1. Checking ALA248 against (1) closer than 14 Å to VAL364 by Cβ; (2) in a helix (DSSP H, G or I); (3) touching a strand residue (DSSP E or B) at 6+ places or on another chain (Cβ under 6 Å); (4) among the aliphatic types (A, V, I, L, M): exactly one of these is not met. Which one?
2. Pairs, please: C-beta under 8 Å, at least 6 apart or cross-chain, first residue touching a residue at least 40 places away in the same chain (Cβ under 8 Å) and open to solvent by 60 Å² or more (accessible area, probe 1.4 Å) and in region 40-56, second part of a helix (DSSP H, G or I) and among the β-branched types (Val, Ile, Thr)?
3. For region 395-405, enumerate the residues that are open to solvent by 60 Å² or more (accessible area, probe 1.4 Å) and in a loop (DSSP other than H, G, I, E, B).
4. Out of all the residues in region 411-452, which are assigned to a loop (DSSP other than H, G, I, E, B), among the aliphatic types (A, V, I, L, M) and buried (at least 20 other Cβ atoms within 10 Å of the Cβ)?
5. What is the one condition in (1) open to solvent by less than 20 Å² (accessible area, probe 1.4 Å); (2) at pLDDT 95 or above; (3) out of contact with any Phe, Trp or Tyr (no Cβ under 7 Å at 6 or more places or on another chain) that ALA113 does not satisfy?
6. Can you confirm whether GLN408 is closer than 29 Å to LYS198 by Cα and not in a helix (DSSP H, G or I)?
7. Quick one: is TYR477 part of a strand (DSSP E or B) and of a type outside the set (A, V, I, L, M)?
8. Residues being open to solvent by less than 10 Å² (accessible area, probe 1.4 Å) and polar (S, T, N, Q): count how many of those fall in region 261-317.
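The values are calculated or read from the model by the stated rules, or taken from the named source; none is laboratory data. Fair warning: this is a prediction, and the values are worked out from it, not measured in the lab. Because the Cβ atoms are built from the backbone with ideal geometry, glycine has one as well, and the counts that use them run over all protein chains shown. SASA here: full protein model, heavy atoms, side chains in, ligands and nucleic acids out. Shrake-Rupley method; radii C 1.70, N 1.55, O 1.52, S 1.80 Å.
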Amino acid sequence: MDATGSSSRIQAEGKLAASEAVAFDFVIVGATGDLTMRKLLPAFYECFRRGQIEKSTKIIGVARSGLSVEDYRTRAHEALKGFVATASYDDAIIQDFLGMVEYVSLDMSDKDADWTGLRGQLSTERDRPRVFYVATAPKLYVPTADAIAHNKLITESSRIVLEKPIGTDQATAAEINDGVGQHFTEEQIFRIDHYLGKQTVQNILALRFANPILERVWNTDSIAHVQITAAETVGVGKRGPYYDSAGALRDMVQNHLLQVLSLVAMEPPTAFSAMDLRDEKLKILRALKPMSDHDIATDTVRAQYGEGHVNGKLIPGYLDDLGAPTSTTETYLAIRAEIRTARWAGVPFYIRTGKQMARKETTVVIQFRPQPWAIFTDNPEPSQLVLRIQPNEGVSLSLASKDPASEQYRLREAVLDVDYVKAFNTRYPDSYEDLLMAAVRGDQVLFIRRDEVEASWRWIEPILHGWEENIRPLEIYPAGTQGPASSDQLLARDGFVWKENT
């Protein structure tokens, strides 16, 4: 198909090509919040600076605060000063960008409020993309969708973006999906997970399916186990009240880390399309072995950070950060999971995440099996493929090599390392940049489908219930460490150890 035909096909599907500069209306519900100021507005600025956004675009902030447009633009300007990289900041471009930013004082969950101001900001062009980004508490998702529909603001080119979490369990997730789905079709609903916007997470697909040498060993014959780690060196901070109602399992695993796991484990899709990719991810989520009470007791670890010393400084524990006398909320977890498919039979997947850890890192470790027989007396450890999602985005592969400094035939480990930023000599975009523009274009590849959300909750819920019943007791680990010793024992039982990047 020629370029003209390809472009026509994209437009016929209601999507815009990624290379096109587009004009659109983007309504941010909850526009005075931290997410908008820290992530969304800087991401839009970067997209505008790169020529992806036409000047006739309107980015319309909506919140209950009684701000004027100029007040809001001043706030936006301060946010851009604080969160846009120095190398990208340009005063002239900033002023052009702020000219696209509007503000309307409105409670968008109130369908009977005065919607005149918002209606007057929206274009009357039926084919102009119109995106409603709901950056509020999940309990407001359905009332907001109801109100948008009641005020007749949904066009054929409209989409709604929902931030995670989609509910707190399977039942509340279904309520949200049903409620929003009364007004928006599944093709118009974009459930966002910022992990899927990370370049290195997206690169899992390229690494696997564009490199046959890897895909042919991507199975139980060659891989001993897989580790997925998301460690943070900070505590709960200002998110304490939210975090205490969620915990690490809801906050990190149900969405972010299960999405990473599904990308690592999925079968090759028949095409690079939203439908095919999400079909294959869903199969993996459904293939996760359900966690029985016995599994929860033996194959999970839950813990909470207590006070500890980092660089000689005393770090308070979770209860001090929370300002509460007691809490059973986990800030750390480790889980041994199994995927019931032929490709992954007998391969454990270890997931861990935690706050106030010794190092900040998000990695995927593919541990290959050792040689079935050893012809060398000093074989190094079997090869590992490490995908670094953050920081220092890249990929490394450890290999055995002859030691050139040895007179005898001795081996040592050599590491092939690719630092993506250095390799491509370019700025790595923030995850929200790709996601926001994908929502504008109507491309759902980087977003989560309803059945994925429900499959994730279906696997998570037994663990939540088991922990509520104290089947696996809560432990305490010192801030500034890599979690409790029981987490190491979870792997040691299978003869493995956690990969610790230093």
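1. ALA248 satisfies all of (1) closer than 14 Å to VAL364 by Cβ; (2) in a helix (DSSP H, G or I); (3) touching a strand residue (DSSP E or B) at 6+ places or on another chain (Cβ under 6 Å); (4) among the aliphatic types (A, V, I, L, M) except (1).
2. ARG49/ILE93
3. PRO404, ALA405
4. Residues of region 411-452 that are assigned to a loop (DSSP other than H, G, I, E, B), as a first pass: 425-430, 442-447, 449.
Filter once more, keeping what is among the aliphatic types (A, V, I, L, M): 445-446.
Result: LEU446, single match.
5. Of (1) open to solvent by less than 20 Å² (accessible area, probe 1.4 Å); (2) at pLDDT 95 or above; (3) out of contact with any Phe, Trp or Tyr (no Cβ under 7 Å at 6 or more places or on another chain), only one is false for ALA113: (1).
6. In short, no.
7. So TYR477 passes the test.
8. 3
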